[in-house]
Structure formats: C-alpha cells, structure tokens
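Peer 1: Just passing along the structure, written as structure tokens.
Derivation of every value follows stated rules applied to the coordinates shown; laboratory data play no part. Just so we're clear, the structure is a prediction, and the values are computed from it rather than from any experiment. Heads up, the Cβs are rebuilt from the backbone with ideal geometry, glycines too, and the neighbour counts pull from every protein chain shown.
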Amino acid sequence: MKYTRMNRDKRLKIQAYLELGYKVKQISQFLKCNPSTIYRELQRHIEIIAGA
C-alpha cells in the first residue's frame, strides 16, 4: 500500500493539537485526513509524543 508522509508543518500541528488535549479523531478532521494517518505519523515520529 502506498502512502504519503506528512511534512514537518503538519507534524508540528499534530503536536500542538495533542498538547491542547485534542483527540486523534478531532485532529484528523482539522487536517482533513484519516485518523490512521495520524496514528501512523505518531508511530513513525516518536519525538512528537515525547515532546523532543
């Protein structure tokens, strides 16, 4: 299955929304993508979760 990785700008938006307490489903609606895309990016880029 092919996929398109998110750019740094979208990753930073994900991080900001997570810090504000939004859920993945809400973030996916804001960014107009599937929730699985958000989960996949979180798995690939652990620094978003860790805040590094």
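Peer 1: For region 16-22, take each phi angle, set θ = phi - 60°, evaluate the Karplus expression 6.51 cos²θ - 1.76 cosθ + 1.60, and give the result in whole Hz per residue in order, putting x for glycine and proline.
Peer 2: Values, residue by residue: 5, 5, 5, 5, 7, x, 6 Hz.
Peer 1: Still on this model: How many nm is it between the label spots at K10 and K23, if each spot is 7 Å from the Cα in line with the beta carbon?
Peer 2: Taking the two extended label points, one gets 2.2 nm.
Peer 1: Okay, next question. Skipping prolines and chain starts, which residues have an amide H placed within reach, meaning under 5 Å, of the one on C33, given they are 5 or more residues away or on another chain?
Peer 2: It is none; the list stays empty.
Peer 1: Still on this structure, please answer the following. So for R40, R11, fewest C-beta neighbours within 10 Å to most, what's the order?
Peer 2: Exposure proxy ranking, most exposed first: R40, R11.
Peer 1: Still on this structure, please answer the following. Tell me which residues come under 5 Å, amide H to amide H, from H45 once H is placed; ignore anything under 5 positions away on its chain.
Peer 2: It is none; the list stays empty.
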